[in-house]
1. Need the full-extension length gain, Phe8 to Asn120, defined as separation in residues times 0.36 nm minus the C-alpha distance. One decimal, nm.
2. Any of Lys93/Lys129; Lys41/Lys152; Lys51/Lys155; Lys51/Lys105; Lys41/Lys105 with alpha carbons more than 23 Å apart? Name them for me.
3. Kindly put Met130, Met160 in sequence by how many other C-beta atoms sit within 10 Å of each C-beta, fewest to most.
4. For Glu48 and Glu148, compute 0.36 nm times the residue count separating them, minus their Cα-Cα distance, and round to one decimal in nm.
5. Any aspartates and glutamates with Cα under 18 Å of the Lys56 Cα? List them, leaving off those in the same chain fewer than 8 positions away.
6. Under Stokes-Einstein, with the Kirkwood radius over Cα pairs standing in for Rh, what whole-number D in µm²/s applies to region 34-169 at 20 °C and 1.002 mPa s?
7. Go ahead and estimate [θ] at 222 nm for the chain from helices alone: -39,500 (n - 2.57) per DSSP H run with n ≥ 4, summed, over the residue count, rounded to 500.
8. In percent, what relative contact order does region 43-113 have, based on Cα pairs under 8 Å that are 6 or more apart in sequence?
Amino acid sequence: MKTPICSFDARTGILCPQCNSKLRSGQISGVDVEVSTKLAKALDKNPEISKISLAKAERVDQDYVLVLEPGTLAPLRRDPSLQRAIQNILGGKVWLTEADTTDRKVLEDLFFPVRIANVNTAWLPDGSKMTKVVIPGRKTDRFPHDTEMISKILKDTRGMELMVEFERQ
Ligand SMILES: [Zn+2]
């Protein structure tokens with residue numbers, strides 16, 4: 001497992017001087033520390049957690065957004081019990097994305113397993129940018145996501161304004 005704080009700190013829950021100064025300078029956040037220590041403490045019971053390479057953790061309302069090291073998310077997707085395990089450990093809904101990636105990839109990660117048909121960008125008259133994502137088909141009761149929550153996550157974590165549209169009404 002890789003976390004924003006050193007693994008010794010994550011296991012003990014006490015920050016070394018380096019990690020402590022990163023926290024004070026804002027290079028890492030309290031949520032980074034909270035998530036790293038909770039995951040590290042659960043490692044013995046949930047060895048699959050060792051596959052996680054956490055770059056950064058964020059909280060949006062009651063949900064957690066885990067930003068993983070680039071290229072490390074796809075293998076985790078093959079283990080559906082892992083995401084459930086992380087949710088149990090953190091005690092909240094967990095969204096998985098990757099660091100240093102494109103807007104489209106972040107959208108694909110947040111909407112997963114729903115496929116995205118199209119992503120368009122529009123400039124509004126006031127100069128702000130709006131990203132429109134188009135989902136194939138129509139919205140049914142089985143649609144797995146709260147699209148307002150996805151919009152909120154994108155706004156809070158990336159400053160993105162999102163509009164979600166379904167191909168058929
Ligand atoms: Zn440390």
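1. Separation in residues times 0.36 nm, less the Cα-Cα distance, equals 35.9 nm.
2. Among Lys93/Lys129; Lys41/Lys152; Lys51/Lys155; Lys51/Lys105; Lys41/Lys105, the Cα-Cα distance tops 23 Å for Lys93/Lys129; Lys41/Lys152; Lys51/Lys155; Lys41/Lys105.
3. Met130, Met160
4. 32.9 nm
5. Lys56 reaches Asp9, Asp32, Glu34, Glu69, Glu98, Asp100, Asp103, Asp109, Asp156.
6. 134 µm²/s
7. The helix contribution divided over the chain gives -11000 deg cm²/dmol.
8. Rounded, it is 30 percent for region 43-113.
Computed from the coordinates by the stated procedures, all read-outs in this text should not be read as laboratory data. What you see is a predicted model; the values in this text were computed from it and never measured. In this analysis, Cβ positions are derived from the backbone assuming ideal geometry, glycine residues included, and neighbour counts consider all displayed protein chains.
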